[in-house]
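The values are calculated or read from the model by the stated rules, or taken from the named source; none is laboratory data. This is a predicted model, so every value here is computed, not measured. Glycine also receives a Cβ, built like all others from the backbone with ideal geometry; neighbour counts cover every protein chain displayed.
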């Protein structure tokens, strides 16, 4: 089982609704969602292109998936996340845009955000005590031979190469696309699908905890911890009845 700290849009937000329809899944309800049809794009191909991001759900990574260290319980992590969230106030980013990053399409703020970078760095550092060292298989999966010297150092130190000054806040929407013509079609479809929320700021008001129950299985949302001055959101915990959902308002 692996745990991950994510930014997930509020379940009642238009962004989350559009994102679920694009990816074809809803991590809050654990249900499949019918994907929209786009002219010129084969539905089966779109389903394939969104397969990897669909496994994680609409999110932005704040601390990459990790196994718990020996002696650490999920309740310990949840308590720490609640305490952590109480020290932050909700804030807005610059307007959202569609961009390509390493061959895949994603949603990200038009301009870099110092607040977002600070939040992500704090998540990486503050919760590292809960993380077990990565296995050789996990390290190999990161394809270390393609990383820079700094990224290899971060992988060894933090279990993930794209942290701190290598971090870039983004919500992944597709897998990698090589064909130029297909890129143009998908880009057009994304601009159409996400038009209602593009060029509008993103509210960062909470951090969320997601769990991968077993290797290769879809990640499941478990908890959402609200920052100060954030709006309460009523969400049911669909992961397990034995772990009560907590929406925490600072």
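List of remarks:
- Residue within segment 123-136 that is in a strand (DSSP E or B), touching a strand residue (DSSP E or B) at 6+ places or on another chain (Cβ under 9 Å) and under 19 Å from residue 9 (Cα atoms) present: no
- Filter result for the condition that a residue is in a loop (DSSP other than H, G, I, E, B) and surrounded by fewer than 12 Cβ atoms within 10 Å (Cβ to Cβ), over 140, 214: 214
- Helices (runs of 4 or more DSSP H) enclosed by segment 5-56 - at least 2 residues per element that are in contact with a helix residue (DSSP H, G or I) (Cβ under 7 Å, 6 or more places away or on another chain), buried (at least 16 other Cβ atoms within 10 Å of the Cβ) and in contact (Cβ under 8 Å) with a residue 40 or more places away in the chain: 14-23, 51-56
- Taken as a whole, the structure places residue 230 among residues that are closer than 25 Å to residue 114 by Cβ, at pLDDT below 90 and surrounded by 12 or more Cβ atoms within 10 Å (Cβ to Cβ).
- Criterion violated by residue 200 - all others in (1) surrounded by 12 or more Cβ atoms within 10 Å (Cβ to Cβ); (2) modelled with pLDDT of 95 or more; (3) farther than 22 Å from residue 64 by Cβ satisfied: (2)
- Residue match in segment 118-129 (condition: more than 30 Å from residue 73 (Cβ to Cβ) and exposed (fewer than 15 other Cβ atoms within 10 Å of the Cβ)): no
- Complete set of residues in segment 164-189 that are more than 30 Å from residue 124 (Cα to Cα) and not in a loop (DSSP other than H, G, I, E, B): 180, 181, 182, 183, 184, 185, 186, 187, 188, 189
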